[in-house]
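Some notes on the structure that comes next.
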Amino acid sequence: ARHHAMEERANLMNMMKLSIKTLIQSALSLGRTLDSDFPPLQQFFVVLEHCLKHGLKVKKTFIGQNKSFFGPLELVEKLCPEASDIATSVKNLPELKTAVGRGRAWLYLALMQKKLADYLKVLLDHKHLLSEFYEPGALMMEEEGAVIVGLLVGLNVIDANLCLKGEDLDSQVGVIDFSLYLKETQDSDDKQDGGITAVLDQKHYVEELNRHLRWDFHLCTVADLQNKIDCLEKTNSKLQEELAAATDRIGSLQEEQQQLKQQNELIRERSEKSVEVTKEDTKVELDTYKQSRQGLDEMYSDVWKQLKEEKKIRLELEKELELQIGMKTEMEIAMKLLEKDTHEKQDTLVALRQQLEEVKAINLQMFHKSQNAECSLQQKTEAISSFEGKTNEMMSSMKQMEDRLQQAEKARQVAEERCSKMKQDLAGRLDTCRQQMSQLDSKCSTLEKELKSEKEQRQTLQRELHQEKDATTLLKTELQQMEGLKKELRKLQDEKQQLEKVCEEQEQALQEMGLHLSQSKLKMEDIKEVNKALKGHTWLKDDEATHCKQCEKEFSISRRKHHCRNCGDIFCNTCSSNELALPSYPKPVRVCDTCHTLLLQRCSSNSS
């Protein structure tokens with residue numbers, strides 16, 4: 001079996017070498033892009049298909065056994081993202097219904113991209129993935145696959161233009177045409193003597209392959225033909241409908257063509273008539289031109305004399321204009337200087353306002369700090385008073401404890417005296433005394449315990465006293481700090497008063513600056529008025545205005561036009577009903593609403 005597989009691989013590799021060689025030689029001899037009908041190209045695809053099918057594993061599905069080479073080709077899309085365009089275009093082709101057809105379409109597109117060798121090399125580099133589709137002795141799993149990929153690199157010289165839409169790739173039967181290789185070997189018999197022997201060795205293998213292919217074709221064709229017949233009937237009906245529509249359209253187009261011909265003839269007749277008329281007109285115009293030229297020559301001499309006189313006048317006027325322009329430039333320089341002064345004053349105003357705002361913010365902060373300090377003072381004074389009350393209570397409890405101690409010591413002395421008397425007086429009553437002594441011992445032990453507890457209490461009270469003394473010392477230091485804070489507060493209040501005085505002075509300065517600014521603005525307005533008076537207002541003509549400048553209503557017989565004597569624009573009666581006395585007019589004249597308000601503001605500011 002291994003020997004048979006090795007022979008198959010060797011035969012397929014030799015066939016591949018021959019097919020690639022014949023394809024390259026024939027393509028170079030033609031010197032053009034190859035179509036899908038080119039026989040050497042068809043034979044190359046058949047041999048390549050046999051190479052890819054060699055050693056394929058049979059996959060079982062619900063329909064039956066499936067054995068196609070499109071499965072390993074689909075892996076290229078995952079391994080090489082550049083091949084995604086080929087995969088999507090193959091999937092989008094509606095004519096392809098089988099895996100074999102999709103595989104053939106994929107090979108066609110890869111050859112057109114000139115990347116068939118690159119894609120197959122990517123597959124061979126990942127043989128662990130190919131082992132799912134191919135058996136161990138397959139051509140793609142052995143060294144022959146790498147040799148074939150190296151041979152396919154030579155196909156990058158060829159330009160192929162293969163159409164996939166019209167061809168039926170699903171039902172094509174790949175039969176190797178042996179005559180092509182015989183012709184090729186006979187033509188190159190002098191150069192390569194071993195070509196015919198290689199083809200003759202592979203003859204039996206090729207015949208067996210062709211038999212297998214024909215048998216598969218007979219099995220597949222019946223169902224495919226039925227499907228094709230149904231598709232053809234549908235397409236036939238659609239084509240008949242399209243034919244009927246096309247015939248109707250052709251008739252309508254012929255009618256339109258006849259109408260256009262008639263229109264062309266009419267246009268031609270009209271154009272001929274117009275050409276004759278224009279010729280007659282040009283003759284008449286030529287005669288009139290000759291007559292008018294003589295009069296024009298006479299006029300030209302008169303005009304030349306007038307031109308010389310006007311040039312002299314123009315030179316004089318230009319000199320006067322230069323003088324006026326000099327005056328105008330001086331006025332503009334003065335205006336610019338005034339504008340600079342106003343801008344500088346405005347900047348100083350802005351800076352002073354910012355300083356005012358900063359001072360206000362500092363005042364607010366100082367006020368908040370003083371409030372916080374007063375609150376903390378109140379809390380600390382309350383804490384001091386509470387601590388003093390506690391110390392008084394502790395002192396009173398200490399006194400009570402000392403009184404108890406003294407009483408206990410007195411009671412003990414009394415008890416000892418009684419004991420001595422009892423020993424002297426009642427020596428005979430030892431048993432009873434002993435009992436009493438035991439009772440007294442117990443009492444003494446209890447008293448000692450009480451004494452110890454009282455001593456411990458005394459020690460704790462002393463510790464508390466020390467702690468309270470420390471607290472009082474801390475409070476005193478805090479009081480001193482509070483006094484220092486009060487002094488700082490007073491200083492800050494003094495600074496605040498000083499700042500308020502400075503603010504008031506700055507506000508007064510600002511007011512004065514505002515007055516100076518208003519005066520400078522008034523001067524500016526006066527200068528502008530003088531400038532306008534020098535330049536002169538543009539008096540709009542009645543023909544130029546069709547709408548009122550303020551309300552934008554259209555003028556008519558009822559809504560008449562009225563000129564503003566200040567700005568020179570045209571308004572309706574409602575927008576120019578006011579009258580004011582102007583410097584250029586002795587009596588009050590018609591003025592528009594905007595000019596009226598502006599002039600009133602100027603008068604009020606001047607009076608103030």
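The values are calculated or read from the model by the stated rules, or taken from the named source; none is laboratory data. This structure is a prediction, so every number in the text was calculated from the model and none was measured. So basically every Cβ, Gly included, is an ideal-geometry build from the backbone, and we count neighbours across all protein chains shown. Please note that ligands, DNA and RNA were not included when accessible areas were found on the heavy atoms of the full protein model with its side chains. Shrake-Rupley method; radii C 1.70, N 1.55, O 1.52, S 1.80 Å.
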FRET efficiency, Asp287 to Lys541 (Cβ-Cβ, R0 45 Å, nearest 0.05)
0.60
Run the numbers on the chain and let me know its relative contact order in percent, using alpha-carbon pairs under 8 Å that are six or more apart.
9
How long is the gain from Ala244 to Val58 if the chain were fully straight, where each residue apart is worth 0.36 nm and the alpha carbon distance is subtracted?
61.9 nm
Calculated FRET efficiency, Thr473 and Asp441, Cβ-Cβ r, R0 60 Å, to nearest 0.05?
0.80
Cα centre as origin, Lys/Arg/Asp/Glu Cβ charges: the chain dipole, Debye
2580
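Under a Cβ-only charge scheme (Lys and Arg +1, Asp and Glu -1), can you give me the dipole magnitude of segment 553-607 about the Cα centre, in debye to the nearest 20?
160
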Once R0 is set to 22 Å, what does the formula 1/(1 + (r/R0)^6) return for the Cβ-Cβ distance between Ser29 and Leu93, expressed as a FRET efficiency to the nearest 0.05?
0.10
Accessible area of Glu269 in the full protein assembly, 1.4 Å probe (Å², nearest 10):
110
Ignoring ligands, DNA and RNA, how do Met112, Met335, Met16 rank by accessible area with a 1.4 Å probe, largest first?
Met112, Met335, Met16
Report the trypsin sites (Lys or Arg not before Pro) located in segment 331-439 that are in a DSSP loop and have at most 15 other Cβ atoms inside 10 Å of their Cβ, or state none.
Arg429
Would you work out which of Thr597, Ser420, Thr278 lies farthest towards the positive end of the dipole of the chain? Charges go on Cβ: Lys and Arg +1, Asp and Glu -1.
Ser420
To the nearest 10 square angstrom, how much accessible area does Phe571 have with a 1.4 angstrom probe?
10
Virtual spin-label span in nm between Ile313 and Gln365, 7 Å along Cα→Cβ:
7.8
Roughly speaking, what is the stretch gain from Glu500 to Arg268, that is 0.36 nm per residue apart minus the C-alpha to C-alpha distance, in nm to one decimal?
73.6 nm
Normalised by the number of residues in segment 1-155, what is the relative contact order in percent for Cα pairs under 8 Å and 6+ residues apart?
29
Straight-line reach check, Lys127, cutoff 27 Å on alpha carbons, 8 or more apart in-chain or any other chain, hits among lysines -> Lys17, Lys53, Lys57, Lys59, Lys60, Lys67, Lys78, Lys91, Lys114, Lys115
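Roughly what % antiparallel, to the nearest 5, for the DSSP beta bridges in the chain?
90
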Enumerate the amide H contacts of Leu34 below 5 Å, restricted to partners 5 or more residues apart or on another chain; note that Pro and chain-start residues carry no placed amide H.
Asp159, Ala160, Asn161
Kindly report, to the nearest 10 Å², the accessible surface of Met395 as traced by a 1.4 Å probe over protein heavy atoms only.
100
I'd like to know which of Cys503, Ser518, Ser558 lies farthest towards the positive end of the charge dipole of the chain, counting +1 on Cβ of Lys and Arg and -1 on Cβ of Asp and Glu.
Cys503
Kyte-Doolittle mean at least -0.5 and Cα axial length at least 18 Å: DSSP H helices in the chain
2-30, 39-53, 99-113, 593-607
Nearest 20 debye, what's the magnitude of the dipole of segment 283-408 about its Cα centre given +1 on Lys and Arg Cβ and -1 on Asp and Glu Cβ?
200
Of all the Cα-Cα pairs you can form in the chain, what percent are over 33 Å apart?
79
Given the rule -39500 (n - 2.57) for each run of at least 4 DSSP H residues, summed and divided by the residues of the chain, what is its mean residue ellipticity at 222 nm, to the nearest 500 deg cm²/dmol?
-28000 deg cm²/dmol
